[in-house]
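So the structure is just underneath, and the comments pick up after that.
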């Protein structure tokens with residue numbers, strides 16, 4: 001049975017949606033600048049949509065998409081070469097890309113554990129973590145929101161990060177049962 005353009009579009013949307021966060025994290029591994037990574041991610045999604053007809057549906061989608069991302073990162077570095085003082089050699093980028101792909105199952109397991117561990121936090125601790133890492137509020141903004149000194153804020157963040165780290169580690173060791 002051959003696929004129709006509508007079914008290909010639906011499959012593409014379903015695969016890109018299911019793998020978007022993984023793809024984004026992969027690109028951030030190779031391009032730590034938020035703006036650069038967002039730009040490259042957008043280009044990757046466009047490229048994948050254009051080349052989706054070549055995708056072998058019998059194979060996993062994420063490695064195929066990550067290959068596009070890797071090539072776009074290389075192209076980005078090449079285009080930025082005249083403007084940037086510090087550049088990573090292609091060999092280092094390749095090593096980072098391969099290592100990131102190899103670590104994906106472990107990272108996915110730890111992210112799933114993080115979601116469960118966040119649910120176990122007190123409301124105040126969860127709001128603190130979300131303000132810092134999801135909303136990306138500055139230390140000054142968070143200190144004002146929570147009526148805390150910067151020193152107290154940093155102590156509380158450190159305490160909650162430690163709680164999350166321990167919870168995630170227990171969960172991974174116990175196979176998600178913690």
Select the helices (runs of 4 or more DSSP H) contained entirely in region 34-148, then report the ones holding at least 2 residues which are modelled with pLDDT of 90 or more and closer than 24 Å to residue 171 by Cβ. 90-120, 123-133
Kindly check whether there is at least one residue in region 156-171 that is part of a loop (DSSP other than H, G, I, E, B) and not assigned by TED's automatic domain parsing to the domain that holds residue 31. no
Within the bounds of region 74-81, is there any residue that is farther than 30 Å from residue 7 by Cβ and surrounded by 16 or more Cβ atoms within 10 Å (Cβ to Cβ)? yes
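The values are calculated or read from the model by the stated rules, or taken from the named source; none is laboratory data. Predicted model, so just to flag it, every value in this text is computed and none were measured. Methodologically, a virtual Cβ is constructed for each residue, glycine included, from the backbone with ideal geometry; neighbour enumeration extends over all protein chains shown.
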